[in-house]
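First the structure, in the form of structure tokens, and then the observations on it.
The values are calculated or read from the model by the stated rules, or taken from the named source; none is laboratory data. Everything quoted here is computed from the prediction, not taken from an experiment. In this analysis, Cβ positions are derived from the backbone assuming ideal geometry, glycine residues included, and neighbour counts consider all displayed protein chains.
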Amino acid sequence: MARNLVAILAADIVGYSTLMGEDEENTLISLRAFKKRNFNPIVLDHQGSIVKSMGDGWLVSFNNAKDAVHCAINIQKELEADTTIYLRIGIHIGDIVHDDDEIYGDGINVAARLESLAEPGQVLISDSVHHSLDQKLSQLFGQSSTHQLKNIARPVQVFRWASTSAVKSSQDPTASDTQGMITPDKPSIAILPFVNRSSDEDQEYFSDGLTEDIIITLSSLSWLAVTARNSSFSYKDQSVDVKKIGRELDVRYLVEGSARKAGHRIRVTAQLVDTSTGDHIWAERYDRDLSDIFDLQDELTEAITARLTTEINSSERLSARKRPYNNLDAWELYQRGMWYFYKFWDEHAATKALQLLQRSADRNPDFPYAYAALAEAGFYDVLFNRTEDAEATLASSLKHALKAVDLDPNDGHINFVLGIINMILGSEDEAQSALERAIELSPNSADAQHGLGWSRLYAGNAESALAPLQKAIELSPKDPRIFGYYLQLFLAHFLLGHHETALKHIKTAILHGQEDPWGQLYLAMVCHELGQIQESKAALVKAKTRLPVLSINWIKQMLGGMNHSYSTRLLGQCRRMGLPE
């Protein structure tokens with residue numbers, strides 16, 4: 001692969017999709033004329049080389065920054081009299097790598113980010129370009145500001161030049177969404193209009209309504225940047241080129257889907273795509289009876305959004321694992337830390353997770369998810385006896401959880417973490433308040449449903465815990481915490497005397513968490529209750545091997561604020577199995 005240090009110019013036509021939707025023929029005629037008479041000759045005059053053309057945008061390389069900047073300004077000046085085409089341009093100096101027919105490199109990434117930040121008619125240059133210019137040329141650029149560009153490690157100082165006819169960003173139909181995407185520590189997604197594949201045109205409202213509901217639901221998640229409805233719907237009834245749309249909207253993920261009605265049945269498909277590669281990350285088909293159309297729309301929105309959040313986080317963890325360690329921003333450090341965190345029973349991985357999560361918090365002290373994860377990591381250290389001072393560790397976890405809630409009180413997951421820590425500490429009122437807040441904020445969150453069920457169980461109402469615990473499993477069947485969902489579902493059925501059902505659930509929990517000592521302990525309890533003494537003894541040996549600290553007093557401490565009647569029954573069962581005090 002050939003690597004070169006060059007000045008990269010990234011140019012993009014403003015509102016291209018809208019222009020094509022309004023008048024495709026005349027837009028194409030204007031674009032061809034602009035390329036032939038203006039863009040290509042000006043690039044050639046300044047010794048530039050077009051390395052990539054994307055229909056509505058270009059990447060151009062230059063041997064020096066001066067030629068790139070002169071070229072950009074002349075192109076914008078040529079367009080001053082044009083009322084149909086406006087360009088955004090960004091320029092940066094950096095390495096590019098040629099690999100077959102593709103080019104890569106931070107030089108391209110930064111130039112593209114600057115182009116996205118530019119208003120129509122503007123040229124934005126990075127500090128490295130500005131430093132390379134002579135005094136006369138550099139003085140043409142003003143309005144210096146520093147930006148933390150998405151997926152770029154260091155902050156970039158940005159300088160602007162605007163043509164005399166540059167329009168305000170508020171007149172640009174895509175500006176608000178584009179500006180929203182250029183944020184650190186946040187993945188981005190667009191939900192394309194679901195396609196109505198029924199012969200019944202009246203079903204169009206169902207497809208559109210489902211799309212809008214998914215956009216609204218995902219927009220409530222503070223960690224996810226969601227493209228606004230108007231921009232997403234500008235692609236309605238168009239053929240989908242995921243890479244092109246991803247670049248136009250500056251999003252990493254796209255959701256596309258369809259709905260088909262046949263009689264009293266409806267089939268909805270949904271898929272999540274990585275726009276950088278075009279790869280499908282997840283796809284699902286939902287077949288439902290078409291009874292109450294609005295209830296069905298709510299049900300499908302709930303199911304799809306719950307799966308999307310799980311799959312996006314999984315994809316982000318994998319992506320963070322592939323990036324160079326020194327290049328990670330706070331969000332990527334958090335996701336990398338969570339990759340280690342989800343190796344729940346590996347002590348070395350737990351230590352690595354804490355280091356990465358702490359670094360994420362240090363990198364961005366205002367990033368609430370890092371503190372919530374630190375709180376949860378401490379909680380698991382106590383559960384698996386990886387700390388010499390459980391009381392101090394839980395106190396630290398509570399401090400981190402309170403910090404996270406202070407930074408973002410309107411996040412369901414963060415309130416869930418605060419709730420479970422208070423629950424273990426025996427602070428029943430605080431736990432109940434936080435977990436109720438979590439379900440209020442994120443009713444479609446598996447965590448929130450799990451927390452609701454867990455709190456009801458701890459409060460002594462196992463019967464009412466069943467529905468939310470089962471719903472958590474349905475919402476996120478591939479959740480990394482799924483073994484925990486089944487553990488709590490086991491406890492609810494066990495305490496209700498549903499021993500055969502409880503046995504089924506604990507075996508499922510162990511399938512998802514084979515190294516979990518609590519699963520083996522609970523298996524020993526239910527097998528003993530069912531008279532399967534040999535199976536109970538074998539499970540208890542595994543539990544004690546993995547967690548040698550197991551004793552009546554230690555388990556009592558871990559049950560925390562659980563209802564006295566329930567904890568007494570569970571401890572009594574442990575005594576009957578022979579656990580020491």
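Those residues that are part of a strand (DSSP E or B) and more than 25 Å from ASP250 (Cβ to Cβ), I need them from segment 50-94; list them, please.
The initial filter retains those residues of segment 50-94 that are part of a strand (DSSP E or B), namely 50-53, 57-62, 87-94.
Within segment 50-94, none qualify.
Looking at (1) within 30 Å of LYS236 (Cβ to Cβ); (2) at pLDDT below 75; (3) assigned to a strand (DSSP E or B), which is the only condition GLN179 fails?
It fails just one condition, (3).
Taking the residues in segment 110-129 that are among the hydroxyl-bearing types (Ser, Thr, Tyr) and assigned to a helix (DSSP H, G or I) as candidates, determine which candidate is farthest from ASP67 (Cα to Cα). Spell out how you get there, then give the answer.
Filtering segment 110-129 for residues among the hydroxyl-bearing types (Ser, Thr, Tyr) gives 116, 126, 128.
Next, only the ones that are assigned to a helix (DSSP H, G or I) stay: 116, 128.
Details: SER116: 21, SER128: 15 Å.
The qualifying residue farthest from ASP67 (Cα to Cα) is SER116.
Only one of (1) more than 34 Å from the chain's Cα centre (by Cα); (2) touching a residue at least 24 places away in the same chain (Cβ under 8 Å) fails for ALA502. Which number is that?
ALA502 satisfies every listed condition except (1).
Look at GLN358 and say whether it is without any contact (Cβ under 8 Å) to a residue 24 or more places away in the chain, among the polar types (S, T, N, Q) and surrounded by fewer than 24 Cβ atoms within 10 Å (Cβ to Cβ). Give the steps one after another, and end with the answer.
Working: without any contact (Cβ under 8 Å) to a residue 24 or more places away in the chain: yes; among the polar types (S, T, N, Q): yes; surrounded by fewer than 24 Cβ atoms within 10 Å (Cβ to Cβ): yes.
The answer is yes for GLN358.
Keeping to segment 210-257, report how many residues are closer than 18 Å to SER315 by Cβ, surrounded by fewer than 23 Cβ atoms within 10 Å (Cβ to Cβ) and of a type in the set (S, T, N, Q).
The number of residues fulfilling the criteria is 0.
So which of ALA448, ALA392, ALA375, ALA459 is within 26 Å of the chain's Cα centre (by Cα) and either closer than 30 Å to VAL549 by Cβ or of a type in the set (Val, Ile, Thr) (or both)?
Working: ALA448 fails: either closer than 30 Å to VAL549 by Cβ or of a type in the set (Val, Ile, Thr) (or both); ALA392 fails: within 26 Å of the chain's Cα centre (by Cα); ALA459 fails: within 26 Å of the chain's Cα centre (by Cα).
None of the other options fit; the residue is ALA375.
Of the residues that make up segment 258-265, is at least one polar (S, T, N, Q), touching a Lys or Arg at 6+ places or on another chain (Cβ under 6 Å), over 30 Å from TYR369 (Cα atoms) and outside any loop (DSSP other than H, G, I, E, B)? Steps first, answer last, please.
Here is the first cut: in segment 258-265, the residues polar (S, T, N, Q) are 258.
Among the residues that remain, those that are also touching a Lys or Arg at 6+ places or on another chain (Cβ under 6 Å) are: 258.
Among the residues that remain, those that are also over 30 Å from TYR369 (Cα atoms) are: 258.
Okay, now just the ones that are also outside any loop (DSSP other than H, G, I, E, B), so 258.
Checked segment 258-265: at least one residue is polar (S, T, N, Q), touching a Lys or Arg at 6+ places or on another chain (Cβ under 6 Å), over 30 Å from TYR369 (Cα atoms) and outside any loop (DSSP other than H, G, I, E, B).
Pairs only if they're at least six apart or on different chains, beta carbon under 7 angstrom, first in segment 384-405 and closer than 21 Å to PHE416 by Cβ, second among the polar types (S, T, N, Q) and part of a helix (DSSP H, G or I); list them, first residue then second.
If the second residue must be among the polar types (S, T, N, Q) and part of a helix (DSSP H, G or I), the pairs left are VAL405/ASN415.
Checking the conditions here, which among ALA448, ALA434 is crowded, with 21+ Cβ neighbours inside 10 Å, modelled with pLDDT of 90 or more, among the small types (Gly, Ala, Ser) and over 21 Å from ARG569 (Cβ atoms)? Give the steps one after another, and end with the answer.
Working: ALA448 fails: modelled with pLDDT of 90 or more.
Exactly one residue qualifies, and that residue is ALA434.
Somewhere in segment 255-266, is a residue within 15 Å of GLY209 (Cβ to Cβ) and charged (D, E, K, R)?
Within segment 255-266 (the criterion being within 15 Å of GLY209 (Cβ to Cβ) and charged (D, E, K, R)), the answer is yes, since at least one residue qualifies.
Output the number of residues of segment 204-227 satisfying the condition of being of a type outside the set (A, V, I, L, M), part of a helix (DSSP H, G or I) and in contact (Cβ under 8 Å) with a residue 60 or more places away in the chain. Don't jump to the end; show me each part of the working.
Narrowing segment 204-227 to residues of a type outside the set (A, V, I, L, M): 204-209, 211-213, 217, 219-220, 222-223, 227.
Then drop every residue that is not part of a helix (DSSP H, G or I), which leaves 204-209, 211-213, 217, 219.
So of that shortlist, the ones also in contact (Cβ under 8 Å) with a residue 60 or more places away in the chain come out as 206, 209, 213, 217.
Number satisfying all stated conditions: 4.
Is there any pair linking a residue in segment 530-546 that is without any contact (Cβ under 8 Å) to a residue 60 or more places away in the chain and buried (at least 16 other Cβ atoms within 10 Å of the Cβ) to one that is assigned to a loop (DSSP other than H, G, I, E, B) and of a type outside the set (Phe, Trp, Tyr), with Cβ under 7 Å and at least six apart or on different chains, and which?
If the second residue must be assigned to a loop (DSSP other than H, G, I, E, B) and of a type outside the set (Phe, Trp, Tyr), the pairs left are SER536/MET577; LEU540/MET577; ALA543/LEU550; LYS544/LEU550.
Looking at (1) within 25 Å of GLU115 (Cβ to Cβ); (2) in a loop (DSSP other than H, G, I, E, B); (3) modelled with pLDDT of 75 or more, which is the one condition that is false for PRO193?
Only one criterion in (1) within 25 Å of GLU115 (Cβ to Cβ); (2) in a loop (DSSP other than H, G, I, E, B); (3) modelled with pLDDT of 75 or more is unmet by PRO193, namely (1).
Out of (1) farther than 22 Å from LEU117 by Cα; (2) touching a residue at least 12 places away in the same chain (Cβ under 8 Å); (3) assigned to a helix (DSSP H, G or I), what's the single condition that is false for ILE245?
Here ILE245 meets the rest and fails (1).
Taking only segment 457-470 into account, find how many residues are at pLDDT below 90 and either assigned by TED's automatic domain parsing to the domain that holds ILE510 or not in a loop (DSSP other than H, G, I, E, B) (or both).
1
Residue check: is ILE414 modelled with pLDDT of 90 or more, closer than 30 Å to LEU300 by Cβ and not polar (S, T, N, Q)?
On the way: modelled with pLDDT of 90 or more: yes; closer than 30 Å to LEU300 by Cβ: yes; not polar (S, T, N, Q): yes.
Yes, satisfied.
Kindly provide the set of residues from segment 289-318 that are part of a helix (DSSP H, G or I) and over 30 Å from GLU332 (Cβ atoms), ordered by number.
The first filter runs over segment 289-318 and keeps only residues part of a helix (DSSP H, G or I), leaving 293-318.
Within segment 289-318, ILE293, PHE294, ASP295, LEU296, GLN297, ASP298, GLU299, LEU300 qualify.
Looking at ASP366, ASP362 in this structure, which one is in a loop (DSSP other than H, G, I, E, B), more than 23 Å from ASN422 (Cβ to Cβ) and not assigned by TED's automatic domain parsing to the domain that holds ILE312? Spell out the reasoning first.
Details: ASP362 fails: in a loop (DSSP other than H, G, I, E, B).
Exactly one of ASP366, ASP362 is in a loop (DSSP other than H, G, I, E, B), more than 23 Å from ASN422 (Cβ to Cβ) and not assigned by TED's automatic domain parsing to the domain that holds ILE312, namely ASP366.
Report whether or not TRP345 is modelled with pLDDT under 85, among the aromatic types (Phe, Trp, Tyr) and either assigned to a strand (DSSP E or B) or surrounded by 16 or more Cβ atoms within 10 Å (Cβ to Cβ) (or both).
no
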